[in-house]
Structure formats: structure tokens, C-alpha cells
Amino acid sequence: MLIGAVFVFLGLSLGDSGYALLRMIPSAVLGVLLLFSGLELALSSKSQSYKEADLFLVLLMAAIGVAVNPAAAFAVGVPLAYALGRGWLKI
């Protein structure tokens, strides 16, 4: 996490030269960092139990986010989550 903050600081403070510095990092290294951060996020949700409607909502938002864009997934997901939480919608 610290190395990511350093890279963001360098990228924002150095401008184009910082961007060139960040481009020196191989894509494979960035992919591995992303993999480990995703695994850490997945482990934090392991101990919780979910209802089927929650899983449906997550998968629906992921599909819309990939197919259209994340803003559309947010616009669809927030009202659906609110309706599911209030019991107005049953899945």
C-alpha cells in the first residue's frame, strides 16, 4: 500500500517526468500488485454471509459496469440496493 502511495505522489508531483518514471514499471508487476490487492479485498468479505438478493445485485452491477460503464452500474445499483434494503423489491 505504501508503494502505491509513493507512485501516486510521484505521478502527481512530477507531471510528465513522473509519468515516464511510472511507465518504467512493467505491466506484469502492476498486474501482480492488482491481483494481491484484489485478494486482500476478497478475504475481508469472506466471513460475512450474504442473501441471494445481495449476490444478484453485485453480479448485476458488475455486468452493467463491464458492458456499459461504471457510472451506469452505480445509477442502477443504488436505487436497487435501496429498494432491496427497504423490502420494496423481492428477488
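Kindly evaluate Leu80 against the criterion of being under 28 Å from Gly4 (Cβ atoms) and not hydroxyl-bearing (Ser, Thr, Tyr).
Spelling it out, it is not the case that Leu80 is under 28 Å from Gly4 (Cβ atoms) and not hydroxyl-bearing (Ser, Thr, Tyr).
Restricting attention to the stretch 38-69, which residues are in contact with a helix residue (DSSP H, G or I) (Cβ under 8 Å, 6 or more places away or on another chain) and closer than 24 Å to Leu2 by Cβ? None; the set is empty.
All of the numbers you see were taken from the coordinates with simple rules; none came from a lab. Predicted model only: the values in this text are computed from it and were never measured. FYI the Cβ positions are ideal-geometry reconstructions off the backbone, even for glycines, and counts take in every protein chain you see.
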